[in-house]
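Q: Encoded as structure tokens, here's the structure I'll be asking about.
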């Protein structure tokens, strides 16, 4: 699956124009020589000019900065050339393919793929890759770009089939890492390096989305109740410890009561009337009660 981004790709028009100009220049030189030597241009001169133009165009090539040219000599691999001007022997040598060594983004997906719990889902992903060995990419595989796309798609389907729908939806990073490792294992022998794999979108059936949402809400309520229960347990233990402290000291209990009364007044802004008998309950050892 390919996705159009709307952005213009790099053009090879300059290299094509260079080849045309080279062909035209070589043919024109031959015709000029024939005109000067023979005093006219005949069929033979035209044929020789066309052959000269073809030989020149097939001997001098322009390879762009991000490209490599794989050159064969009599059908056997000879060298990797470029970038810049590349010279080849006419008829004896030719280059089969210009390999783009920039990072390439290939979009792929798995439609209606069953998870391990038999739920059909659609997953879209993108793989970033580049060719690090032009020789292997052209000699080991016929169409390396198509191979990347197909291998990525089949690997994604296998990874989805080993996981549940919940695992696919919640463990994207792990799935990305698993896909990257699997693709590297398969594509490295072909001279292709996997830079990164990213899951773009996971589409779960609408009915299942509602069920998963209900399950998630129930799980959160369960967790909230467990946290509240743990908090109540901690509070009850603290109150039991406090009761043991206040139970043996009546003055401490009175001070705590006055502190609670002060807090209520501070928050509400009201007034609390405390009976004088409450304060008379504080006795100083060895002294007398206040008047």
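Coordinate-derived values only; no laboratory data. Just so it is clear, the structure is predicted and the values come from calculations on it, not from any experiment. Positions of Cβ are generated from backbone atoms using ideal geometry, with glycine treated the same way; all protein chains shown enter the neighbour counts.
Q: Using Cβ contacts closer than 10 Å as the measure, can you line up 168, 71 from fewest to most? Provide the component values of the computation, followed by the final result.
A: Details: 168 23, 71 20.
So the residues, fewest neighbours to most, are 71, 168.
Q: Within segment 174-194, what residues put their amide N at less than 19 Å from the label point 7 Å along the Cα-to-Cβ vector of residue 132?
A: Those under the cut-off are 177-194.
Q: Compactness ratio of segment 119-183: Cα Rg over 2.2 N^0.38 Å, N = residue count?
A: In units of the globular-protein estimate, segment 119-183 measures up at 1.29.
Q: To continue, here is another question. I want to check the label-to-label distance for residue 140 and residue 225. Put each point 7 Å from Cα in the C-beta direction and report it in nm to one decimal.
A: Result: 5.7 nm between the two label points.
Q: Ranking request for peptides 226-232, 159-165: highest mean number of other beta-carbon atoms within 10 Å first, then the rest in descending order.
A: The packing order, highest mean first, is 159-165, 226-232.
Q: While we're on this one: Suppose the chain between residue 79 and residue 97 were pulled fully straight at 0.36 nm per residue; how much longer would it get relative to their current alpha carbon spacing?
A: Details: separation 18, 0.36 × 18 = 6.48 nm, distance 1.21 nm.
Between residue 79 and residue 97, full extension yields an extra 5.3 nm.
Q: At residue 65 and residue 50, where each label point lies 7 Å from the Cα along Cα→Cβ, what is the point-to-point distance in nanometres?
A: Spacing of the two 7 Å Cα→Cβ label points: 3.9 nm.
Q: Using 0.36 nm per residue, how much length does the chain from residue 241 to residue 195 gain when fully extended, once their Cα-Cα distance is taken away?
A: The residue 241-residue 195 span can extend by a further 10.5 nm.
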